[in-house]
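Have a look at the structure below before the remarks.
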Number of protein chains: 2
Amino acid sequence: MYEGAVQDLIDELGRLPGVGPKSAQRIAFHLLAVDPVEVRRLVDALTEVKARVRFCDVCGNVTQEETCRVCRDPRRSTTVICVVEEPKDVVAIERTREFRGKYHVLGGAINPIAGVGPDDLRIKELLTRLASGEVTEVILATDPNVEGEATSTYLARMLLPMGLTVSRLASGLPVGGDLEYADEVTLGRAFEGRRRINA
Amino acid sequence: MYEGAVQDLIDELGRLPGVGPKSAQRIAFHLLAVDPVEVRRLVDALTEVKARVRFCDVCGNVTQEETCRVCRDPRRSTTVICVVEEPKDVVAIERTREFRGKYHVLGGAINPIAGVGPDDLRIKELLTRLASGEVTEVILATDPNVEGEATSTYLARMLLPMGLTVSRLASGLPVGGDLEYADEVTLGRAFEGRRRINA
């Protein structure tokens, strides 16, 4: 509908996840109106990310070096590995300041419908890391959905015979939420995982 | 939270309208994972838009030439001008295929709270176009909200003494909608603007 370059930009923006045709149009007109310096900054950020960011050789997290910030940190425990699906999960867990071990980023979850099998995830790399015998505990922190649960079940079956301590993040009521608005599965899990309060 | 380039990109994406921190993160990781060619295409589209797209000398619509596609089209009537707020409104009206005249893009609407007065809009340029006497009708197609109504009222007061036919787009029930879900102002306007059905 628009002339050349405007339509091209709307099309490209519309390919981004979560950006529909209306948002793409809105962003395109915003960029048309702003100072060229702002667009330059966005262009530079895009170019830099593709040129400089890679995946950590050890854990699969994003990094600009050969290994990521967590893997480079000598103060982090090397006996516990927390397995997550994506680099953004590393950031989410880091925010809690609850975990001081290392990570392993799978790069997704088992999803037969989308054609993602165990071989498409960084599971071989995880086993290589565990082979040294230094790691004694693995925390499975995949998403609490069908794909994440399937992935954790698959990994647990593989890791338990190796004599490792394997755990899964607790399911239950989100803190600050309302009990009446919790879905039945979550509420069921909260019952299942209830903790005894000692006198 | 992320290392250098990833965080920079998330920050830049987060500055776009309608893109929150979560969406910015999602888009950044999407771009990290895709083929560099796709990011190159987006970068090119951004660069091209700033380099090649400008505003039509006559009507203020976006274009890559001196004048826009509508202004260049010799088959379009030069006696009717449809006044809109933004270039995207031109596209919306073009889609209806109801209008065969020319446009005038104001570049916004009168909005005292945001500090936008009549002098910030392309009203002087509209008066210059009307001065030739060729235009006999002006259709006010600003948005049906407070700012759009104020702008149309302002323009109507200015244009009517010039002997022009001035009209405003009809307000009423959206086609395909439910009467019970229409807000009272829209429903009131639909009553006010009711059309007699002849036997």
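The values are calculated or read from the model by the stated rules, or taken from the named source; none is laboratory data. Fair warning: this is a prediction, and the values are worked out from it, not measured in the lab. Note that we place each Cβ from the backbone using ideal geometry, even for glycine, and neighbour counts take in every protein chain shown.
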Looking at (1) surrounded by fewer than 17 Cβ atoms within 10 Å (Cβ to Cβ); (2) touching a residue at least 12 places away in the same chain (Cβ under 8 Å); (3) out of contact with any strand residue (DSSP E or B) (no Cβ under 9 Å at 6 or more places or on another chain), which one does residue B:121 not meet, given that it meets all the others? (1)
The stretch B:167-199 - residue that is in contact with a helix residue (DSSP H, G or I) (Cβ under 6 Å, 6 or more places away or on another chain) and touching a residue at least 24 places away in the same chain (Cβ under 8 Å) and, of those, surrounded by the fewest Cβ atoms within 10 Å (Cβ to Cβ): B:171
Those residues that are under 20 Å from residue B:6 (Cβ atoms), out of contact with any strand residue (DSSP E or B) (no Cβ under 7 Å at 6 or more places or on another chain) and in a loop (DSSP other than H, G, I, E, B), I need them from the stretch A:69-118; list them, please. A:73, A:85, A:107
Only listed residue being modelled with pLDDT of 90 or more, over 17 Å from the mean Cα position of the chain (by Cα) and over 15 Å from residue A:84 (Cβ atoms), chosen from A:187, A:160, A:173: A:160
Given (1) in contact with a Pro (Cβ under 8 Å, 6 or more places away or on another chain); (2) outside any loop (DSSP other than H, G, I, E, B), number of the condition residue B:171 does not satisfy: (2)
Residue tally, condition under 26 Å from the mean Cα position of the chain (by Cα), assigned to a loop (DSSP other than H, G, I, E, B) and more than 7 Å from every other protein chain (Cβ to nearest Cβ), over the stretch B:18-58: 5
Does any residue of the stretch A:145-156 turn out to be in a helix (DSSP H, G or I), touching a residue at least 40 places away in the same chain (Cβ under 8 Å) and of a type in the set (Phe, Trp, Tyr)? yes
So residue B:6 clears everything in (1) modelled with pLDDT of 95 or more; (2) within 11 Å of chain A (Cβ to nearest Cβ) except one condition, right? Which one? (1)
Among the residues in the stretch B:124-141, are any outside any helix (DSSP H, G or I), closer than 20 Å to residue A:33 by Cα and under 19 Å from the mean Cα position of the chain (by Cα)? no
Per the filter on the stretch A:69-87, residues within 14 Å of chain B (Cβ to nearest Cβ), under 27 Å from residue A:153 (Cα atoms) and free of Cβ contacts under 8 Å to residues at least 60 places away in the same chain are A:70, A:71, A:84, A:86, A:87
Members of the stretch A:86-102 found to be at pLDDT 95 or above and closer than 22 Å to residue A:146 by Cα, listed by number: none
Against the condition basic (Lys, Arg) and closer than 30 Å to residue A:164 by Cβ, how does residue A:26 come out, does it pass? no
Filter the stretch A:53-77 down to the residues that are buried (at least 17 other Cβ atoms within 10 Å of the Cβ) and of a type in the set (Val, Ile, Thr) and list them by number. A:53, A:58, A:62, A:63, A:70
